[in-house]
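Structure incoming, see below.
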Amino acid sequence: MCRCSLVLLSVDHEVPFSSFFIGWRTEGRAWRAGRPDMADGSSWQPPRPCEAYRAEWKLCRSARHFLHHYYVHGERPACEQWQRDLASCRDWEERRSAEAQQSLCESERARVRAARKHILVWAPRQSPPPDWHLPLTQEKDE
């Protein structure tokens with residue numbers, strides 16, 4: 001059985017609900033108010049609510065996102081994965097399908113891997129340079 005733990009999934013500035021989506025797994029209590037746990041004792045929940053997948057798919061298909069993505073990346077945005085995730089999420093909510101659960105977990109893991117592959121441009125300093133207090137070269141010339 002796939003288990004999705006607490007992880008940062010998206011930090012896209014165009015996400016309509018929030019800047020951060022977090023995947024989680026409940027431990028024997030309701031996921032949302034009024035939503036009971038599953039009868040078989042398993043407490044796995046989709047990493048995001050189905051409404052979030054729908055909002056991401058709708059945003060991906062918008063003209064504003066298309067123009068921004070095409071300007072930045074030089075290609076059309078691929079929205080099919082959001083549509084597949086939405087279908088899997090709805091399938092999970094209706095039938096508790098193991099294939100839908102596996103599909104959602106793999107998709108979210110791929111998103112996390114893609115977000116982590118970008119390294120920092122500059123390495124953070126541990127201490128200031130040894131000559132930080134000296135005048136700059138332009139000031140020395142004047």
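Conditions: (1) assigned to a helix (DSSP H, G or I); (2) surrounded by fewer than 11 Cβ atoms within 10 Å (Cβ to Cβ). His118 meets all but one. Number of the miss?
(1)
Here's another thing I want to ask about it. Here are some conditions: (1) loosely packed, with under 10 Cβ neighbours inside 10 Å; (2) touching a residue at least 60 places away in the same chain (Cβ under 8 Å); (3) not polar (S, T, N, Q). Glu108 meets all but one. Which one does it not meet?
Failed condition: (1).
Taken together, the values in this text are just the output of simple stated rules run on the coordinates, not laboratory data. All values reported here derive from a predicted model rather than from experimental measurement. Please note: Cβ atoms are built from the backbone with ideal geometry, for glycine as well, and neighbour counts cover all protein chains shown.
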